[in-house]
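Only one structure is covered here, and it is reproduced in the block below.
The values are calculated or read from the model by the stated rules, or taken from the named source; none is laboratory data. This structure is a prediction, so every number in the text was calculated from the model and none was measured. Cβ atoms come from the backbone with ideal geometry, glycine included; neighbour counts cover every protein chain shown.
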Amino acid sequence: MLDLHEKSTRISKTVLRLHSSLLIAATLALTTASGLGYLSGSGQFGMLHSEPIGYIGLFQAYLLMTTMGVALWLGSTMVKTRPWHLIGILGHAAPLAANFLFWREIERYGITHAGIAIHVSMIALELSGLLLSRLPAAPEPAAVPSRA
Amino acid sequence: MNTSRLLRINAAFLMLMGGAAAAADAIGHFFGKGPLAPVMFRAPLAISSFEAHLLAALLGTVLWTGARQPDRRQFHILATAIHVVLGGSNLLFFDRAFGALDMRLFGVVITACHFAFVLSQTVAAMPRLGATAVTTPLAH
């Protein structure tokens, strides 16, 4: 039977893999959609056609988030998962901070609340993993002194 | 060179350049000052460039953490991926990004740095070289 520490470690690794999978899938889909918008000038990302500098930034940001997803998956294979939860939190803290800083500019696209909801929920997910990864291991049973 | 040192140099490069570029994006956008002001001043999508540079700086901290690990091979692969993305997008959008700012020479230097890191990190990740502990007597 698994002890509390083993269970929490397993959940912590699952959290990292879930976050990683979501990040990789979402950012690859967004890279494709934004590329199509930039090239054709139509669709959700159609505005990028007239904003090439904005598109270059998005292209880099999405692919760096994909790389971050790969990093989180790598982190889930390591013994200590705690630093990786922190990285997962910081990874969303950066775009969340940008969201607030550039609030007026992105308000016109109506994506402020969606962005905040996504980043905050992922930070909450990683916070739960972080708390679980801090549970201490069960103490080793005390050795019985040998008479030999 | 010790592969841990290579990761640290790479991490410092990302943190320094990413952080400085993110600051330049914000200053250029809000105050119309600095090297990026010509394209960033009140640009509606300046947020994307700001985010990308901030993420690059953050990934620098990941590599710094990785430099302390005994098994660093995965971090060398990660570093390679980061520089393929950054250097590749510089090449792909060279004229739109650096041409618009009249910073072509800077663009050439920074793109060369990215590909130099791609090369050195790929070599460090190769199992034959033992990414866990490639040390020279001089490194100590």
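Can you tell me which of (1) out of contact with any helix residue (DSSP H, G or I) (no Cβ under 9 Å at 6 or more places or on another chain); (2) within 10 Å of another protein chain (Cβ to nearest Cβ) is the one A:Gly110 doesn't meet?
(2)
For A:Gly54, are the conditions met, namely being buried (at least 20 other Cβ atoms within 10 Å of the Cβ) and either more than 8 Å from chain B (Cβ to nearest Cβ) or within 27 Å of B:Ala100 (Cβ to Cβ) (or both)?
Against the criterion (buried (at least 20 other Cβ atoms within 10 Å of the Cβ) and either more than 8 Å from chain B (Cβ to nearest Cβ) or within 27 Å of B:Ala100 (Cβ to Cβ) (or both)), A:Gly54 qualifies.
One line per residue, one yes/no per condition, for (1) modelled with pLDDT under 90; (2) at the interface with chain A (Cβ under 7 Å from one of its Cβ atoms); (3) not in a loop (DSSP other than H, G, I, E, B):
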site	(1), (2), (3)
B:Phe30	no, no, yes
B:Pro44	yes, yes, no
B:Ser48	no, yes, yes
B:Leu59	no, yes, yes
B:Ile77	no, no, yes
B:Thr80	no, no, yes
B:Asn90	no, no, yes
B:Arg96	yes, yes, yes
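I'd like the full set of residues that are surrounded by fewer than 21 Cβ atoms within 10 Å (Cβ to Cβ) and touching a residue at least 60 places away in the same chain (Cβ under 8 Å), limited to the range B:68-97.
B:Arg68, B:Pro70, B:Asp71
Output the qualifying pairs, or none if there are none: Cβ atoms under 6 angstrom, residues six or more apart or on different chains, first residue in the range A:34-45 and surrounded by 19 or more Cβ atoms within 10 Å (Cβ to Cβ), second residue at pLDDT 90 or above.
From residues that are surrounded by 19 or more Cβ atoms within 10 Å (Cβ to Cβ), the pairs are A:Ser34/A:Leu58; A:Tyr38/A:Tyr55; A:Phe45/A:Ala33; A:Phe45/A:Ser34; A:Phe45/A:Gly37.
Taking A:Pro141 as the residue in question, decide whether it is within 21 Å of A:Glu6 (Cβ to Cβ) and either modelled with pLDDT under 90 or surrounded by fewer than 10 Cβ atoms within 10 Å (Cβ to Cβ) (or both).
Here the answer is yes, as A:Pro141 does meet what is asked.
Yes or no, residue by residue, for (1) within 8 Å of another protein chain (Cβ to nearest Cβ); (2) under 30 Å from B:Asp95 (Cα atoms); (3) at pLDDT 95 or above:
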| site | (1), (2), (3) |
| --- | --- |
| A:Lys7 | no, no, no |
| A:Leu22 | no, no, yes |
| A:Leu28 | no, yes, yes |
| A:Gln44 | no, yes, no |
| A:His49 | no, yes, no |
| A:Leu58 | yes, yes, no |
| A:Pro83 | yes, no, no |
| A:Ala98 | yes, yes, no |
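Among the residues of the range A:28-44, is any on the phi < 0 side of the Ramachandran plot, part of a loop (DSSP other than H, G, I, E, B) and of a type in the set (Ser, Thr, Tyr)?
Yes, the range A:28-44 has at least one match.
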